[in-house]
Each structure stands twice: as C-alpha cells, then as structure tokens.
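Accompanying notes for the structure given below.
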Amino acid sequence: MTDVSISEIEDIVYRDVRLTQGSAPRFYIGGEEVDIWSDELSFYHTLTTVDYARRAITEAEKNGLDVFPEIVGKPLEKELVKNALYSGSPILFKGDRGFGKTTFSKAVAKLLPPKLLAVKDCRIHDDPVHPACFSCKWKVTHLERVELSWVPRIWVRIPGDPMLTTRQLIGGVSIQKLREGFDIDHPEVFIPGRALKANRGVGYFDELGAIPSSLQTMLHELFEERQVTTSEGDIIPMHVDSIEIASTNPSNYRGTSAIKEPLLDRMEVIEVGPPETVEEEIEIAMRNMYYTRRFGKRPPIPVWHQRILAQIVRSGRSNSKGKVQLAAELSCRATIKVFDHVYSRVERRGASVPRLMDYGENYEMIKLALNGRVEFEFGSRTTKNDFINYLVNEAMKAECKHVYDEYLPQDNFEVFVRELKSLGDRVQGGWRISLSEELVTRTSKLPLVSTVLKKMGAHDSETKLSALEVVLNSLSLCSDIVAKMDHSYVVREAGDHGEAAV
Ligand SMILES: [Zn+2]
C-alpha cells in the first residue's frame, strides 16, 4: 500500500466511514467471496455491542431464562445490570474482592455472539461496515476486495495499575510515520491500547480507581461518547464500540486511589456483595471447586459437610462476637478453597465422601484455606489459629443443631438411643461406637437408625458412615447422651434420657 498518498490518508483518518450494501467492496473469507448482507451473515456485523446485549436479554427473558446463569443468586444485581446494559450505560461494580465482579463482567460478555465478522488482521477487529482504524477505513473505501475473518467473543481486562501509561490504555496513531514511508498497516503507525482492543467486546476496568487520574480523564470521552482521542503522536478521535464495565473495592471508591467524580457521573454503580444465603455460598463453592472443574462433575460431599464448610466462612464474615474486626470480608474464593482442601484430603486417603477427620486434627485443612485470607484490623488481639478454631466450632455447632432438629426422631427418641447403644461395645460408663464400614452394615437391622440415614439421603455405605458420624457428633454437641472420645463416640449410661424415661 505504498502508493497511498498522505492527503488521502489524512482525509480518511478523520472521516466516519459507514458502508451500505451499494457502497461496499467485495468481501472474502479465506479466499471465498461472501455476502455479508445475507441472512446467514448479517447478524455478525453492523450491530453494536449494546444491540447484541439488548437482543440477548430480550430473547432470554421472553423464554423465561436466566440472563446470567453463571451468577449464583443476586436477583436484584442481575436486574440492575440488565437495565443498565439496556440503556447503554457503563457499569461500575462495587464490592470487596472475591464476590464475583469479574465473573459478572464475563457473564455480560456472554450476551455477545460467540464470534463476529471482522476485517482480517485488524488489531481492533473492526466491523467491515463501520471500521474505526484508518487502515480498515482506507481498505473498505479504496479496495475492490477486502478479506474478512471470524473473531471470537472479546473480553479485555484493563488492570487498574498506577503505572498504566496512555500508550497501554488508549494507544497512539502516527501520521508522521506514514509520511516517513511506513506502511499503513505497520505496527508503529497505529498502536492500539487496551481500551481500543476491547472494541466490539467488553472492556473490563479492574480496579478503576487505581488508574492514574490523568488517564481517568481520558476515559470520560470513552464512557460518554464511545470514543477515544489518541494523545500519543497525532491527536485523532476514534470511535470504540464496547461495553464498559469497571470494578472497585469499597475502600478505593473514594479515598486515596479514588475514582474521580466526573467519571463516577458517567457510570451506574451496582453493589456486589457476598452470597446472601448459605445455599448460594455452597452452590458457588461446588461449581468452582478444583474437582468439579477438573473432572466435570461434582464431588459427593454430603449436604451437612457442605453446610459446615460454607458456614465457617460465612460466620467469619459477619462475626457476631464482635471481638475481631477483619480488615476485609472473606471472599468466595476462601469458601471454594475450604471445600478444595478438605476434599483433597478425602481423595488422598482413597475415599470419596468426607469425614470430620478430613478437616485435619486441628482443622489444618481449613487453616490452609483461611490463614492467608484472614486479615485482622490493626490492634486485634486474637490469633488466627484461635479465630479459625472458633469459626469451625461455631459452624459445627450450628450444623449439629440443624441435624438434631431436622433428622433425629422426636417421638421414639429413646428407642433410637437404644439402637445406637446396640452398635457399641460395652465399656465403663457406656457403649463405645467406633466408626467403620462394618458398623454401617449393622445399621440395616436397626429400623430407626436406618430411617434417619435414609432421611439424610445416605444410600451408599460411605455416605451412611458420614451421616452416622455427624449424628453422633450432633448428639455429643447438643446433648449429654453421647460423649466424643478420641476417634470414637460413647453413648453414656448415665443421663441417658432414653432408658430412664421408658
Ligand atoms: Zn481496523
């Protein structure tokens, strides 16, 4: 393209090029001519990112589908995101790290088609009908045939880095280089920054407040007019069609590395908090566990373990005791890792269903997940070790109460306790029950114990053993019928409400 005159280039650089069917060149994909205006291909160009988002939202809602199935719970947040997208507004997700801001931005990207038609080799995947870079503008207006290619869905992370430069964020255009004889496609003529690379996709400004304030000012134009003006080299406005999403930590919202007011005025703030219910917390953990992602199926963790593990993190968040102040709320990543480490322990001993011992003798597996994530406010006097022990014990107590109320027979409690005794060996002061696979086979002859295990959804022997363990543990925590002794449980002789009442 050395025969391009500079005046032609200068003319095209500032022109907004929009093709119509009549004014378009012939388009080719892989050497084959294609009709981009056909029903088959017309969906993949001309439409803007907001057009795609609006269509996808309308379509999903018409069919009663969840627009963001990747996001667990958060109905209000989803509603707000849908509405903001519909209005073409940039969104600022505000929330502590690890509550799904990034996941949300990726879920928004999924509203875009999985692939788009673009001018081949364009560094910002230009729409052939409405290109932004001057190389593409020149091609579609001057050439008779233009090669196109398919580009996959675009999601570009723009890290909130205090050292971020204009060149990295916006990029530059140099007409001077063209004058010096550089080719129109030469990488030094046009250097797209990340905001431009997000063209036709989602630009995700991760920790927007950490972007230097001088650069934040350059984003006003992008967020308001979907345009950036290159400031390196020649000052040239370029339209960018992307859905702009940003995130911020509440502590960075206003403060040392704040988002400047004029920029805030150009986005809708949507708060993203921790999961509202323990069920949502569990769902997030089970979905994102290493095992699930690696093997494409969920590990058989019984619901009582799920609840204990999730509750450990949740009570760390809303620490009711008030004696400890955490510097940051425990993220969902903490929950996922608690599940991961306990389950790895299960796998390592060749089993598939967790037992309490998989938490570690002193809950080491839980600590492995939480030690680095628990951060106290300055001046807290508790140790991490004590704090985590406290969280585990509280979570166990809560679950044991749940098991006690939910599954244990209220009417024939005495008979139930007698059945448990029959599983034990006579020792001084009671009957010692040692948990083993053999024990499980013996429960089949005990009608009430069998009913309880069935009610708990325990059908295979490993799950039955786990259920039996949690039942005994509940009785040891919620009553004085059972005492925990090392690795076994003793159904007490004295204080056995059962026999006395009969
Ligand atoms: Zn281009």
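The values are calculated or read from the model by the stated rules, or taken from the named source; none is laboratory data. What you see is a predicted model; the values in this text were computed from it and never measured. Note that each Cβ is placed from the backbone with ideal geometry, even for glycine, and that neighbours are counted across all protein chains shown.
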So which of GLU406, GLU419 is surrounded by 18 or more Cβ atoms within 10 Å (Cβ to Cβ), at pLDDT 90 or above, in a helix (DSSP H, G or I) and among the charged types (D, E, K, R)? GLU419
Among ARG145, ARG153, ARG157, which is of a type in the set (D, E, K, R), surrounded by fewer than 18 Cβ atoms within 10 Å (Cβ to Cβ) and touching a Leu at 6+ places or on another chain (Cβ under 8 Å)? ARG153
Give the residues of the range 166-224 that are of a type in the set (Phe, Trp, Tyr) and more than 35 Å from the chain's Cα centre (by Cα), sorted by residue number. PHE182
Give me the residue from the range 30-58 that is closer than 21 Å to GLY201 by Cα and among the hydrophobic types (A, V, I, L, M, F, W, C) and, out of that set, farthest from the chain's Cα centre (by Cα). ILE36
Boolean, GLU40 is surrounded by fewer than 18 Cβ atoms within 10 Å (Cβ to Cβ), part of a loop (DSSP other than H, G, I, E, B), touching a helix residue (DSSP H, G or I) at 6+ places or on another chain (Cβ under 7 Å) and among the acidic types (Asp, Glu): no
Which of (1) in a helix (DSSP H, G or I); (2) not assigned by TED's automatic domain parsing to the domain that holds ASP486 is the odd one out, the single condition LEU330 does not satisfy? (1)
Residue match in the range 59-67 (condition: crowded, with 18+ Cβ neighbours inside 10 Å, outside any helix (DSSP H, G or I) and touching a helix residue (DSSP H, G or I) at 6+ places or on another chain (Cβ under 7 Å)): yes
Can SER488 be described as over 25 Å from ALA395 (Cβ atoms) and among the small types (Gly, Ala, Ser)? no
Where GLU221 falls short, out of the listed (1) of a type in the set (D, E, K, R); (2) in contact (Cβ under 8 Å) with a residue 24 or more places away in the chain; (3) within 21 Å of ARG266 (Cβ to Cβ): (2)
Considering only the range 418-458, how many residues are among the polar types (S, T, N, Q), farther than 26 Å from GLN306 by Cβ and in contact (Cβ under 8 Å) with a residue 24 or more places away in the chain? 1
Any residue at all in the range 380-400 that's in contact with an Asp or Glu (Cβ under 9 Å, 6 or more places away or on another chain) and either crowded, with 19+ Cβ neighbours inside 10 Å or not assigned by TED's automatic domain parsing to the domain that holds TYR291 (or both)? no
Out of curiosity, is ALA310 surrounded by fewer than 18 Cβ atoms within 10 Å (Cβ to Cβ), outside the structural domain of VAL72 (by TED's automatic domain parsing) and more than 24 Å from GLU79 (Cβ to Cβ)? no
